[in-house]
Structures are given as C-alpha cells and as structure tokens.
Amino acid sequence: MINFDYASHTQADEAVLAEFCKIERECAGNPLAAHQSGCAARDVMSRATAGISAFFNVAPQDIIFTSGASEANNLAVKGIARAYAHTGRHILSTCLEHPSVSGALAFLGENGYEIELLKIQPNGKIDLTHLQRALRNDTVLLCVSAVDSELGAVQPLAEIAEISAAFPHCHLHVDAAQAIGKVKLQLPLKNVATFCFSPHKFYGLGGFGVLVKREGVVLEPLIHGGSEANGLLYRGGTPSPAMAAACFVALENALANLEKNLQYVTDLRKHLLDGLPKEMRINSPFDGSPYILNISAPNIKGTAFQSALNERGIAVSVKSACSTGNAPSRPVFAVSGDKKNALNSWRVSLSHHTTTQEVDILISAVKKILSEGAV
C-alpha cells in the first residue's frame, strides 16, 4: 500500500522505538511512588519534560501529558471555558477545526456557552477584520488551528494573538497538531494561553499528546485525581516515562530536520501539482502547508475517488481521520462556497518518506480513473 495519508498518522522512527523500549525495560516503577524505583522513573519523566519544555521556552510545570491531541484539545477548550466562566461565556472559533475542538465547542454550546464561528477567506485564513469585530469583553476563549488538517491552511498566529491580546479575558488556544515538527511556526507564547500537539504526527508514538500552557493559566481538569510531583502536574492516570522520553526524541528529531524535510516536501508537492490533470480542482491555498493538498474532481464524490485509489493500493483521506459521515467538507465549502465541490474533495498528505516514484504512481492512477470513469 502506498501511503498518502501521513496527516492521519506517521510510522514511529527507529530511534523513537529504541528509546521507548530502553526506558520501558529500565523503569519498572510508578513515577508517583516514593520508593527507589518510583524515584528513578520520576527522574526520567522529569528529564523528558524539561527537554520538551526547553524547545518551547516554557517551564516544565507548564507541560501536561495526555493520551493525544484530542484529549489535549478537550482539556484546553473545556478547561479554560469552565475555569473562566465567571468572566464570560462567549467563544470564538472557525469551521476549520479538528473534531476534537468542534465537538468540545458543541458540548459547551449545549451547556450555556455562546459559540461564534469566524469568517474564512478564500485563501483559508481567518478574516482578521471579522475577528476584531467579533471579539467582546465577555469573550473567554478563541480556538484556532495553526495548520488545518483538511486544507493545510496556515493561520497568521502572530496577528491573531496580537488582536486577541487586547481583550484581557480572552484566552487563545492553538491546535498545532499539523504544525509542530513540520512547518516553521511562530507561537507568541506571551499571548497564547495553550497549544497542543501529538508526536504520532511526526514519527513518534500514538496514544500520547502534549498540552503546553502559559504560566498562570488555570484549567479545570477533565480527569480528576491528578497528582503533582517534582513540581510537575500530572493529569489523572499513571504517567509513562517511556512515552514521555520517546516523545522528546521524536520532537528533537523533527525539529532538527524540519527545514530539510520541509524543502523536500515542498518540491514534492510542486511535482504533484505539475503532474495532476488540469480538470482536478486544487482546494488548498498556494501558501499552505506543503504536507497537505486537498483536491477534487468534477462530478466524482471524494469517497468514490478514495475507494478507487484504495483498490489500486493507494491510501488517501477524504476528511480528517476523526471526522465521520458523508457530509461535505466544511473547510472546502468555506473557501470555495461550492457544496458539490466540498463533497467531491479528498486529501493527499505527504512525508519526507514519500518518493517521487510514488507521486508519479498517484498521478498515473488519477489520470486513469478520470479517463475510464472507473468510480
């Protein structure tokens, strides 16, 4: 199977697996326990946390490990909204967000919060003029994806953070799951309350996520029963030193190779664009993340095209892997205003592991499907 669905998941790097296995064998203790084995495990946990926090210039105690970016998004969105409900119940977001954000917002909307979606421009970016008008004194939360998972649109985080900072009760949460380790990202931490990512998006292990919060930001917990040790805050559940150490290795490798991999994938995306048939519609913005390309064919539903490619041993995605149903893509509809095009859209996501030969196979398959009408 040729993988063009790297935005959903990436295979763990050998160095990441080696680190995980090493720590898992060496650390038999619970990091929250007081005995020697617990202390040894806690030291590993502390080193990994310190290493991760150093990459983002935050304190170790502002790192919270979760089961993935979906839990981290829920913790940030619900945790901020509930902790600061006394200052307001107005929340701003977009139609570009991952289901773990939009679902959390829907839950809050059913429980007395006012959810307002910002306008999206044809280039996939937030309408900053609308953002300025929409912000209010009772706006408690603004949720933005740094890079959305369907279009690859990159948001102007510096400008968004500066605008929202003028409203002291507004907390900016950034879902950076498709950005960290892949694209050059400016996260103005003085104006960003929280952001999150998951290492399985950049060749780390699945089932693990990281929520980074600004000092002083209060979160109401999702899982009660968390503990604190060595100044580090743990959400409910037994912490995993091996997963934390593996996350550090994955993040270190991704950041060290970011520019090289980014240039390779940028060139690969151009090769793909140059080879696609002219009747294919490009939905992703020109200046979006090169790792994600959203396209559609006239009169062919995205699910049908995905199925036809799957039969040829090629894996692509129709929407975010966490999305459900056959509804039109909300991000594609937002930028194109065309419901039929949104139904016909599907996503190619690339990697530095993707080869030019694999891209040529995809191009050939797309041309054949179109010429034969084999859907």
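The values are calculated or read from the model by the stated rules, or taken from the named source; none is laboratory data. Please read all numbers here as calculations on a predicted model, not as lab measurements. Every residue, glycine as well, gets a Cβ built from its backbone with ideal geometry; the counts of neighbours run over all protein chains shown. We work out accessible area using only protein heavy atoms, side chains counted, and drop any ligands, DNA or RNA first. Shrake-Rupley method; radii C 1.70, N 1.55, O 1.52, S 1.80 Å.
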(request) With a 1.4 Å probe and all protein chains in place, put R330, R25, R269, R136 in order of accessible area, largest first. (result) R25, R330, R136, R269
(request) At most 15 other Cβ atoms within 10 Å plus a DSSP loop assignment makes a site exposed; report the longest stretch of the chain without any exposed GluC sites (Glu not before Pro). (result) 1-109
(request) Mind putting a number on the dipole of the chain about its Cα centre? Charges go on the C-beta only, +1 for Lys and Arg and -1 for Asp and Glu, and I need it in Debye to the nearest 20. (result) 540 debye
(message) Mean-square fluctuation check for the chain, GNM, Cα pairs under 10 Å: which of I292, I126, I282 is largest?
(response) I282
(message) Give me the percent relative contact order of region 152-246, please, defined on Cα pairs under 8 angstrom at least 6 residues apart.
(response) 19 percent
(request) Compare V44, V332, V77 in a GNM of the chain, Cα atoms joined below 10 Å, and give the one with the largest fluctuation. (result) V44
(request) Considering the convex hull of the alpha carbon atoms of region 89-153, report its projected area averaged over all viewing directions, in nm², one decimal. (result) 4.2 nm²
(request) In a Gaussian network model over the chain where Cα atoms closer than 10 Å are linked, find which of Q155, Q61, Q121 has the largest mean-square fluctuation. (result) Q121
(request) Could you give me the percent of Cα pairs per 5 Å distance bin for region 1-136, shortest bin first, beginning at zero and ending with the bin that holds the maximum distance? (result) 2, 8, 11, 13, 15, 15, 12, 10, 8, 5, 2, 0
(message) So, for the chain, what is the accessible surface per residue at a probe of 1.4 Å, expressed in square angstrom?
(response) 42 Å²
(request) Measure off, as a whole percent, the carbon and sulfur share of the 1.4 Å-probe accessible area of the chain, all protein chains present. (result) 51 percent
(request) Report the FRET efficiency, 1/(1 + (r/R0)^6), for E259 and R312, where r is their Cβ-Cβ distance and R0 is 30 Å, rounded to 0.05. (result) 0.35
(request) Arrange the residues L92, L370 by how much accessible surface each exposes, largest first, with a 1.4 angstrom probe. (result) L370, L92
(request) Show that you can apply the helix-only estimate: for the chain, add -39,500 (n - 2.57) for every DSSP H stretch of four or more residues, divide by all residues, and state [θ] at 222 nm to the nearest 500. (result) -12500 deg cm²/dmol
(request) Calculate the dipole size of region 146-233 relative to its Cα centre from +1 charges on Lys and Arg beta carbons and -1 charges on Asp and Glu beta carbons; express the result in debye to the nearest 20. (result) 240 debye
(message) For I292, what residues show an amide H to amide H distance below 5 Å, using hydrogens built from the backbone and excluding near sequence neighbours?
(response) L350
(request) Could you please put S102, S345 in sequence from largest to smallest accessible area, using a 1.4 Å probe? (result) S102, S345
(request) Give me the compactness ratio for region 148-299, meaning the Cα radius of gyration over 2.2 N^0.38 Å. (result) 1.25
(request) Would you work out which of A193, N137, L343 lies farthest towards the positive end of the dipole of the chain? Charges go on Cβ: Lys and Arg +1, Asp and Glu -1. (result) L343
(message) For a quick check: with amide H placed at 1.01 Å from N, whose amide H comes under 5 Å from S145's, ignoring anything fewer than 5 positions away on the same chain?
(response) D175
(message) What does the extension gain come out to for E279 and H169, with contour length at 0.36 nm per residue minus their alpha carbon separation?
(response) 34.8 nm
